[in-house]
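Every read-out reported here was derived from the displayed coordinates using simple, explicitly stated rules and does not represent laboratory data. Just so we're clear, the structure is a prediction, and the values are computed from it rather than from any experiment. We place every Cβ from the backbone using ideal geometry, glycine too, and count neighbours over all the protein chains shown.
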């Protein structure tokens, strides 16, 4: 018999059913829940509120004291008619906080992945999620990585992929960032605790040739020509398409240049790129053909050199790209290609790390198993377990738990069959494809965000004001006061002129109001 306890906002409740799932992708674990109440006669019409904390406890054959879930309410749904009113609460664990918070524009250089994880979480979710179980350093250093309003969750997922780690938030709201497949549950699943099992192998997610493309960078190039040798032609072909080109003839810069064929069909007498009308024009550039030429025209004059050395400085665009392949996988399953494009990749090392990680995870077929479990209650996604089902050709294999689904209701608790697990490698489905497309769309929307943002924040707060007053007596010292009985007589033996007296406090009082 399974016993449960449900606490919402520090108050215990009885629910009709409690379902929650702990699931892990390749690099992270998250959980969600669904709780259904019988809302007969509107018993729960105004009881719960969004963002209230949900605690679920469960134990076998004893009172429930083991906490198996912690999360927050994100949706309250009333449904039903007449005598069949239901209230459904749904939400997620505290990874929801990381999904809802964004990283302000920032660039990090030469930083260890473990240190970066700690910095990102503590700068955005401090006071909500702790980082006591984030190892630092972990030995994987990033030369450069930048963020622009990326969610903390997506950033951690990317860092976990680079480092071959995965992360999750436990029931104490503490972030764990640990090596993948490094935590064993210590459990073995076989015919003694499995009531149903299915296994399937699929090759549609095999990829053994991977291209990774990142951002485009500009790098400086210098090319030199001998004008005497190339003359009488005035057209020069460069190695790359030029950006920000500067032309020097025998050390003297040639000002100014223009863009070839930039004008339309109608010749505009004010066109700055037409040597017939433009005074001072020295050369023109053809970007697509990687060429430039000296010009000769009515207004520009003859700028075609016959002697001297020609030096050209320009910037060329270099796309960050890396390619990786696995020969054994290609031989076994045939070539299967994957192209990854992400403008947030700013250096070649980062691109190579992503290519290596992706290839390692996808070069072999994925096996996915689904098990209905009897007699086991506590299981966390991301942990490993030993599976022994000879009829399915799985003999003492160590698999990772991809998800653990709990269903608590009268029937499942009585029969001790509340747990269903999915293990090993998840085979992608429509939901995974849709999620991937959403993440890519978010990257496109955020990639050009930047700049300086100035904002004013105001706050209204009651400040206690202290009232305090004091009464003093003040000696007049050596002051001469006309008609004063003592200080009014300069030559009097009783005169106090020349003597200084300190003030004395006669009465003091204070208080708050």
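Run the simple label-point estimate for residue 374 and residue 172 please: 7 Å along Cα→C-beta, distance reported in nm.
Once both label points are built, they end up 3.6 nm from each other.
Taking the range 1-96 on its own, what percent of its Cα-Cα pair distances exceed 24 Å? Intermediate results must be reported in sequence, preceding the final value.
On the way: 1111 of 4560 pairs.
So the pairs more than 24 Å apart make up 24 percent of the total in the range 1-96.
What is the Å³ per residue value for the convex hull set by the Cα atoms of the range 50-117?
Values: hull volume 10.0 nm³, N = 68.
Considering the Cα atoms of the range 50-117, their hull volume per residue is 148 Å³.
Over the Cα atoms, compute the radius of gyration (one decimal) and Dmax (the largest Cα-Cα distance, rounded to a whole number) for the range 291-350, in Å.
23.8, 69
Take residue 84 and residue 34, extend 7 Å from each Cα along the Cα→Cβ direction, and tell me the distance between the two endpoints in nm.
So the label points at residue 84 and residue 34 sit 1.7 nm apart.
Points 7 angstrom from Cα along the Cβ direction at residue 360 and residue 202: gap in nanometres?
Each label point is offset 7 Å from its Cα along the Cβ direction, giving 2.4 nm.
Kindly state, to the nearest 0.05, the FRET efficiency for residue 255 paired with residue 106, given R0 = 41 Å and r defined as their beta-carbon distance.
Taking R0 as 41 Å, the efficiency between residue 255 and residue 106 is 0.55.
Counting other beta carbons within 10 Å of each Cβ, put 211, 283 in order, fewest first.
Values: 211 16, 283 24.
So the residues, fewest neighbours to most, are 211, 283.
From the Cα trace of the range 89-241, what convex hull volume per residue do you get, rounded to a whole Å³?
Details: hull volume 39.3 nm³, N = 153.
It comes to 257 Å³ per residue, whole-number rounded.
Taking only the alpha carbons of the range 207-364, what extent do you get along each of the three principal axes, in Å, biggest first?
69, 36, 25
Specify the inter-centroid distance of the range 181-224 and the range 277-307, based on alpha-carbon positions, in whole Å.
If you average the Cα positions of each part, the centres end up 55 Å apart.
Just subtract the alpha-carbon distance of residue 327 and residue 133 from 0.36 nm times their residue separation and send over the number in nm, one decimal. Before the final figure, lay out the partial values.
Working: separation 194, 0.36 × 194 = 69.84 nm, distance 3.80 nm.
Additional length available on full extension: 66.0 nm.
Once the piece of chain linking residue 217 and residue 388 is laid out straight, how much longer is it, given 0.36 nm per residue of separation minus the C-alpha distance between them? Walk me through the numbers on the way to the answer.
Values: separation 171, 0.36 × 171 = 61.56 nm, distance 5.20 nm.
Contour length minus the Cα-Cα distance gives 56.4 nm.
Most exposed first by the Cβ proxy, i.e. fewest other Cβ within 10 Å, how do 148, 341 rank? Kindly include the intermediate steps, with their values, before the conclusion.
Details: 148 17, 341 13.
Placing the least packed residue first, the sequence is 341, 148.
Place a point 7 Å from Cα of residue 349 in the direction of its Cβ. Which residues in the range 140-155 have their backbone N less than 11 Å from it?
Residues 140-145 fall inside that zone.
Mind checking the full-extension length gain between residue 52 and residue 296? Use 0.36 nm per residue of separation minus the Cα-Cα distance, one decimal, nm. Don't jump to the answer; show the numbers that get you there.
Values: separation 244, 0.36 × 244 = 87.84 nm, distance 7.70 nm.
Computed gain between residue 52 and residue 296 is 80.1 nm.
Ranking 326, 347 by Cβ neighbours within 10 Å, fewest first, what do you get?
Final ranking by Cβ density, sparse to dense: 347, 326.
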